[in-house]
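Colleague: Quick one: this structure, given as structure tokens, is what I'll be asking you about.
The values are calculated or read from the model by the stated rules, or taken from the named source; none is laboratory data. As the structure is a prediction and not an experimental result, all values here were calculated from the model. When we count neighbours, we look across all protein chains shown, and the Cβ atoms used for this are built from the backbone with ideal geometry, even at glycine. When the accessible area is computed, the model is the full protein with side chains, heavy atoms only, and any ligands, DNA or RNA have been set aside. Shrake-Rupley method; radii C 1.70, N 1.55, O 1.52, S 1.80 Å.
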Amino acid sequence: MISINLYEIFMQMVNFLILLYLLNKFLLKPLASFIETRTKTIREDLDSASNNKTQAEDMVEKQKALLSDARKEAKVIRDKAAEVSKAERNRLIAETNTETKNMIARAKEEMDLSINKLKKDLLTEVGELSVDLAEKILGRTIDEKDKQQIVTEGVKKLSVS
């Protein structure tokens, strides 16, 4: 027959309650504390990762802005260098043109001087030849003073015309 022993039931209940108490004290509380700590750590890590991501995005934007500014500055520098180069080239061309004009003017002056000297020499020579020819035609000798006077007058007449 089946008998119910109250003492055993009571002892089973006491054992069960002791088991629940021990499980709660040594298993559930430490496990709950560990899970809570772990949850806090994960949340902090997620927040930190989110902050790091935001900071990284800010840094990327700043770097992009700096790179854009550097490109603009480089363009300005290149443009200025091109302007300076063009101005220097124009200045050198102007100097060269001026120097060339001066050289041509000096060469023309030298040529004019040489031509004038050659004309005078030629006139003097023609005058002397004319006097010599006149001596031969006239058959008499013209002294040096008269010769000089005739050549000078002839040169003056040729220079005037």
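Colleague: Just one of 147, 117 is of a type in the set (Lys, Arg), open to solvent by less than 60 Å² (accessible area, probe 1.4 Å) and without any contact (Cβ under 8 Å) to a residue 24 or more places away in the chain; which is it?
Modeller: Details: 117 fails: open to solvent by less than 60 Å² (accessible area, probe 1.4 Å).
Going through 147, 117 in turn, just one is of a type in the set (Lys, Arg), open to solvent by less than 60 Å² (accessible area, probe 1.4 Å) and without any contact (Cβ under 8 Å) to a residue 24 or more places away in the chain: 147.
Colleague: Considering only residues that are under 35 Å from the mean Cα position of the chain (by Cα) and open to solvent by 100 Å² or more (accessible area, probe 1.4 Å), which ones fall in region 92-114?
Modeller: Within region 92-114, 99, 101 qualify.
Colleague: Of 130, 159, which residue is part of a helix (DSSP H, G or I), at pLDDT 75 or above, open to solvent by less than 100 Å² (accessible area, probe 1.4 Å) and among the hydroxyl-bearing types (Ser, Thr, Tyr)? Break it down stepwise before answering.
Modeller: Values: 159 fails: at pLDDT 75 or above.
Just a single option satisfies the conditions, and that option is 130.
Colleague: Looking at 7, 21 in this structure, which one is part of a helix (DSSP H, G or I), modelled with pLDDT of 95 or more, among the hydroxyl-bearing types (Ser, Thr, Tyr) and open to solvent by 100 Å² or more (accessible area, probe 1.4 Å)?
Modeller: Values: 7 fails: modelled with pLDDT of 95 or more.
Step by step, each of 7, 21 is checked, and only 21 is part of a helix (DSSP H, G or I), modelled with pLDDT of 95 or more, among the hydroxyl-bearing types (Ser, Thr, Tyr) and open to solvent by 100 Å² or more (accessible area, probe 1.4 Å).
Colleague: Report yes if some residue within region 61-73 is under 60 Å from the mean Cα position of the chain (by Cα), assigned to a helix (DSSP H, G or I), surrounded by 10 or more Cβ atoms within 10 Å (Cβ to Cβ) and hydroxyl-bearing (Ser, Thr, Tyr); otherwise report no.
Modeller: To start, the set of residues in region 61-73 that are under 60 Å from the mean Cα position of the chain (by Cα) comprises 61-73.
Next cut, assigned to a helix (DSSP H, G or I) only: 61-73.
Subset that is surrounded by 10 or more Cβ atoms within 10 Å (Cβ to Cβ): 61-73.
Next, only the ones that are hydroxyl-bearing (Ser, Thr, Tyr) stay: 68.
Checked against the condition, which is being under 60 Å from the mean Cα position of the chain (by Cα), assigned to a helix (DSSP H, G or I), surrounded by 10 or more Cβ atoms within 10 Å (Cβ to Cβ) and hydroxyl-bearing (Ser, Thr, Tyr), region 61-73 yields at least one hit.
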